[in-house]
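Take a look at the structure below.
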Amino acid sequence: MSEFWLYFRLGLEHVLDWSAYDHVLFIIVLVAAYSFSSWKRVLWLVSIFTLGHTVSLFLAVYDVVKVNASWVELLIALTILFTAFYNILSAKKKEHQKNINILYLSTAFFGIIHGLGFSRYFKMISPDSSNKFLPLIEFALGIEAAQIIVVISVLIVSFILQKLFRVTRRDWILVISAIVIGILLPILKETIEAVW
């Protein structure tokens with residue numbers, strides 16, 4: 001049981017680590033355009049993202065897929081940037097007016113990219129034994145728990161600002177997406193320099 005909590009906690013801490021906050025930035029922009037009343041859509045988006053990154057995490061850890069780490073970091077930064085720009089471009093649209101199929105497909109693809117990033121970290125912390133299946137599941141559950149914490153936090157802040165302080169939904173989406181882009185630009189610059 002203690003080994004379960006070890007890998008679960010490592011997955012949780014990996015996402016919530018302030019020195020590696022790219023995953024948190026992605027979750028923030030992924031759900032920034034939604035509210036508690038859209039909980040089903042938020043649940044689908046986060047679940048599809050989780051499925052994508054769990055599949056690629058397994059494939060990368062078992063060496064079925066091998067990708068250069070610098071390229072993965074660049075692609076992760078680009079997924080955040082694209083999602084933030086999508087929010088900015090669609091901020092005026094109501095939640096139900098968005099093309100949800102495109103959003104689901106892109107979220108699954110972005111999940112696959114993020115899973116490749118998680119696999120690098122998992123390989124650094126995992127035992128060299130051939131039995132990595134349970135530690136991988138435990139690690140993935142920790143990642144999922146961290147994502148839920150981030151999603152609920154974003155929805156609470158959104159609710160407080162929109163309902164109590166009367167910030168419009170459009171302004172909330174534009175401001176939070178712009179803040180994420182501002183935080184992301186130095187990361188993007190570093191990852192581009194690492195690739196080239």
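Each value in this text was obtained by applying a stated rule to the coordinates, not by laboratory testing. None of the values given here were measured: they were computed from a predicted structure. Cβ placement follows ideal geometry from the backbone for every residue including glycine, while neighbour counts extend to all protein chains displayed.
Worth pointing out:
- Some residue of the range 8-26 being among the basic types (Lys, Arg) and surrounded by 13 or more Cβ atoms within 10 Å (Cβ to Cβ): yes
- Inspection of the range 105-127 identifies at least one residue that is outside any helix (DSSP H, G or I) and free of Cβ contacts under 8 Å to residues at least 60 places away in the same chain.
- Verdict on Ala140 being in contact (Cβ under 8 Å) with a residue 40 or more places away in the chain and farther than 17 Å from Trp39 by Cα: yes
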